[in-house]
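This report refers to the structure that appears directly beneath it.
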Amino acid sequence: MGPLKEKLQSLQCHFTWCFEVRDKVGVEHILQTLLLHLEHTSFPNQGTYLAMKAYLHHLLGDTREALKSLRKAEKVLLKDHPTNFSRQVLVTYGNFAWIYYHLANYEKVERYLEKIHKICQALSSPEPYSVAIPEIQAQKGWSLLTWGFRNGPEAKKCFQLALRGDEFNGEFQAGLAYSAFASWCHTWNPKLNKEAQRLLEEVLVHQPQNAEAKVYLAKVIQRNNRQRAESLVEDVVQNSLNPEVLRNAAKMCVSLPLSLSQAISVLKKAIALNPSYHLLYYDLGVCYSKEMKKASPGKREELVAAAIESFKQSLEKDPASVFSQLELAKLYGEKSLAYEEEIYQNLMEDLPKLSQRCRQAIYLHWGDFLLHKKGNKEEALEMYTKGLQISGGHCNERSLLESRLRSLTKLL
């Protein structure tokens with residue numbers, strides 16, 4: 001490793017945090033959700049999201065857009081943090097240095113390294129190119145959450161460290177609460193449920209209009225306090241214009257349940273606010289699929305068509321959406337097993353490129369197809385077993401695979 005790269009490796013920025021190695025997640029998908037955070041954040045952390053946006057564009061090979069995003073990040077940070085700009089801009093400067101390194105523009109790399117070194121010196125850091133300050137921990141925490149809720153535990157550590165240096169910072173407190181909620185979502189651990197509830201309640205005391213905290217709290221308390229959960233969701237539906245928050249509120253309408261028709265209405269409102277967000281169409285398709293189960297034969301056909309159209313729309317916005325393809329496969333199976341099987345076989349070919357959760361979901365659905373549509377118990381058993389052999393993933397798919405395996409083993 002050359003001396004320049006060695007200096008770059010010691011920086012605190014998206015290039016050294018190495019998010020992409022945690023799991024195979026589509027960069028385009030993360031970029032789409034990041035743009036929502038950027039537009040609707042209620043905290044002065046747009047600079048963080050712009051720096052991460054630059055990193056994502058770098059991964060996609062779009063250097064021009066990456067540099068444009070970093071220049072914008074610098075301007076936003078100067079406007080939002082005029083008194084502590086130097087502390088806030090370190091991550092952005094680190095990203096600048098790395099991108100120019102990939103462009104072999106070493107003069108500019110040296111220029112940004114010098115800027116970082118001067119800031120670290122001014123902050124009395126023992127390290128020449130890094131410094132332990134709350135601002136950097138918080139930026140890493142927000143980036144981890146944006147990269148995926150499965151990063152909840154690590155993001156939580158970041159915000160805990162940030163709060164040690166600034167314990168009354170409302171942004172950091174919200175980040176800690178969201179991280180605790182994210183951690184609970186991936187384990188359903190009762191202890192994490194209580195921690196998430198306590199932290200979200202604290203956020204709402206100081207930020208009573210925080211719609212994101214409200215919808216997360218509704219999810220956390222829905223079993224023990226359904227009436228309050230419904231009240232929180234109704235409040236969010238009436239007042240929020242954030243498509244992602246509305247999407248989560250619609251999911252809560254289904255699980256409480258308030259009503260599927262209300263969930264569909266909320267999702268249509270969110271789509272009107274952001275017609276390009278693929279997950280809104282996916283969730284709309286899921287709602288139509290749920291309505292199918294209790295519909296009359298005539299109505300059912302109409303709902304099948306509506307669900308298929310929603311999942312097609314989702315795939316148009318994000319062709320890599322595995323879960324949209326899986327749902328579409330089941331709906332095609334209503335009339336054509338060949339179409340359903342075609343989707344599963346194509347997904348099986350793509351398996352090595354996909355995330356752990358997506359791979360588990362494919363094995364689950366393919367196993368179900370082999371068992372119930374083909375009557376092949378041995379092959380279904382093999383698929384469920386392979387799904388469970390994947391480490392990580394998500395507790396939802398894992399528990400379903402375990403349940404399928406137990407039931408099938410009894411039949412063999």
- Note on the structure: Contact list, first residue from the stretch 330-344 and without any contact (Cβ under 8 Å) to a residue 24 or more places away in the chain, second anywhere and assigned to a loop (DSSP other than H, G, I, E, B) and aromatic (Phe, Trp, Tyr), beta-carbon distance below 8 Å, six or more apart or interchain, is none
- Message: Can you report the number of residues in the stretch 334-367 which are surrounded by fewer than 15 Cβ atoms within 10 Å (Cβ to Cβ), under 13 Å from residue 387 (Cβ atoms) and of a type in the set (S, T, N, Q)?
- Response: 0
- Of all residues in the stretch 253-276 being in contact with a Lys or Arg (Cβ under 9 Å, 6 or more places away or on another chain) and at pLDDT 95 or above, the one that is surrounded by the fewest Cβ atoms within 10 Å (Cβ to Cβ): 275
- Query: For residue 128, are the conditions met, namely being surrounded by fewer than 22 Cβ atoms within 10 Å (Cβ to Cβ), assigned to a helix (DSSP H, G or I) and in contact (Cβ under 8 Å) with a residue 12 or more places away in the chain?
  - Reply: no
- Item | Residue that is nearest to the chain's Cα centre (by Cα), among those in the stretch 220-232 that are assigned to a helix (DSSP H, G or I) and closer than 23 Å to residue 395 by Cβ | 220
- Task: Determine which member of the set 50, 4, 67, 77 is surrounded by 22 or more Cβ atoms within 10 Å (Cβ to Cβ), at negative phi, part of a helix (DSSP H, G or I) and over 17 Å from the mean Cα position of the chain (by Cα).
- Result: 77
- Message: Testing residue 44 on (1) under 21 Å from residue 137 (Cβ atoms); (2) modelled with pLDDT of 95 or more; (3) surrounded by 15 or more Cβ atoms within 10 Å (Cβ to Cβ), one condition comes back false. Which one is that?
- Response: (3)
- Message: So, in the stretch 241-252, exactly how many residues are over 19 Å from residue 149 (Cβ atoms) and either buried (at least 23 other Cβ atoms within 10 Å of the Cβ) or among the charged types (D, E, K, R) (or both)?
- Response: 0
- Message: So, in the stretch 91-121, how many residues would count as being out of contact with any helix residue (DSSP H, G or I) (no Cβ under 7 Å at 6 or more places or on another chain) and among the hydrophobic types (A, V, I, L, M, F, W, C)?
- Response: 2
- Within the stretch 89-123, how many residues turn out to be in a loop (DSSP other than H, G, I, E, B) and closer than 16 Å to residue 12 by Cα? 2
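The values are calculated or read from the model by the stated rules, or taken from the named source; none is laboratory data. Small disclaimer: the values here were computed from a predicted structure and weren't measured. Note: ideal-geometry Cβ built from the backbone for every residue, glycine included; neighbour counts use all protein chains shown.
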